[in-house]
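The values are calculated or read from the model by the stated rules, or taken from the named source; none is laboratory data. From a predicted model like this one, the values you see are computed outputs, not experimental measurements. Backbone-built Cβ (ideal geometry, glycine too); neighbour counts: all protein chains shown.
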Amino acid sequence: MIAPPDDIDRIMTVMEQAFPPEFGEAWNRRQVSDALCLGNCRYGLIAPDGTEDLLTSGETAGFFMSRAVLDEEELLLFAIAPQYRRMGLGHVLLKRFIQSAQDGGMSRVFLEMRRDNPAGVLYAAHGFRQIGLRPGYYRTSNGARIDAISQELTFHN
Ligand SMILES: CC(C)(COP(=O)(O)OP(=O)(O)OC[C@H]1O[C@@H](n2cnc3c(N)ncnc32)[C@H](O)[C@@H]1OP(=O)(O)O)[C@@H](O)C(=O)NCCC(=O)NCCS
């Protein structure tokens with residue numbers, strides 16, 4: 001899915017604010033645009049009012065990026081900008097991602113997150129369940145190790 005430069009700007013604006021720097025999870029612009037040049041990656045944006053209509057508000061509240069291989073889709077990045085959190089936008093965007101994956105014929109979506117990320121509560125609310133654990137997989141900027149948790153949601157199309 002090729003993204004217009006404006007949309008990459010929108011993704012990067014949220015990216016730069018949303019991910020705590022100590023975990024090194026944010027991608028740079030090059031990584032985002034290279035990924036989106038691959039035919040199997042896609043993204044979604046959300047406006048502060050929960051719609052996809054970014055032209056009316058001019059602001060972007062959040063985004064997701066994902067990669068599909070055959071009938072499985074990985075949620076690579078998912079973020080809501082700090083000033084728009086705890087308003088339900090994460091729920092709306094995740095629901096939209098899941099629905100679009102299912103509509104696109106996926107049988108399963110999956111992701112990996114660091115243990116104790118508050119996003120885990122959101123994923124659980126949408127039916128994701130843990131399928132794997134990699135002890136100490138992530139290393140923070142101060143050298144601490146954090147487990148990686150793999151989660152999946154399967155569809156019974
Ligand atoms: C995770 C994230 C996307 C949630 O976005 P959000 O718009 O605040 O989510 P919502 O308002 O829809 O809340 C969804 C639920 O997630 C949970 N949740 C979200 N943030 C939370 C927090 N800081 N602490 C505890 N639970 C939290 C709650 O259960 C919440 O539901 P509730 O408000 O009804 O209790 C956002 O915090 C974020 O961008 N974090 C940084 C990036 C990141 O870590 N992404 C996930 C990578 S795996």
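Screening residue 80 on (1) touching a helix residue (DSSP H, G or I) at 6+ places or on another chain (Cβ under 8 Å); (2) among the β-branched types (Val, Ile, Thr); (3) more than 9 Å from the ligand (Cβ to nearest atom) shows it passes everything except condition (3). When restricted to residues that are more than 21 Å from residue 58 (Cβ to Cβ), within 15 Å of the chain's Cα centre (by Cα) and either away from the ligand (no atom under 16 Å from the Cβ) or crowded, with 18+ Cβ neighbours inside 10 Å (or both), segment 1-26 contains 1. Scanning segment 107-114 finds no residues that are crowded, with 19+ Cβ neighbours inside 10 Å and away from the ligand (no atom under 14 Å from the Cβ). Each residue in segment 53-78 was checked for being part of a strand (DSSP E or B) and among the charged types (D, E, K, R), and 4 pass.
What single numbered condition from (1) on the phi > 0 side of the Ramachandran plot; (2) part of a helix (DSSP H, G or I); (3) of a type in the set (Gly, Ala, Ser) fails to hold for residue 127? Among (1) on the phi > 0 side of the Ramachandran plot; (2) part of a helix (DSSP H, G or I); (3) of a type in the set (Gly, Ala, Ser), residue 127 violates only (2). Just one of the listed residues (78, 155, 64) is among the aromatic types (Phe, Trp, Tyr), surrounded by 12 or more Cβ atoms within 10 Å (Cβ to Cβ), closer than 26 Å to residue 6 by Cα and in contact (Cβ under 8 Å) with a residue 40 or more places away in the chain, namely 78.
How many residues are buried (at least 16 other Cβ atoms within 10 Å of the Cβ) and either in contact (Cβ under 8 Å) with a residue 40 or more places away in the chain or more than 10 Å from the ligand (Cβ to nearest atom) (or both) when one looks only at segment 120-147? Of the residues in segment 120-147, 3 are buried (at least 16 other Cβ atoms within 10 Å of the Cβ) and either in contact (Cβ under 8 Å) with a residue 40 or more places away in the chain or more than 10 Å from the ligand (Cβ to nearest atom) (or both).
Considering only segment 85-97, how many residues are of a type outside the set (Lys, Arg) and either at pLDDT below 95 or near the ligand (Cβ under 6 Å from one of its atoms) (or both)?
Keep residues of segment 85-97 that are of a type outside the set (Lys, Arg), which gives 87-94, 97.
Applying the additional criterion that residues be either at pLDDT below 95 or near the ligand (Cβ under 6 Å from one of its atoms) (or both) yields 87-91.
Number satisfying all stated conditions: 5.
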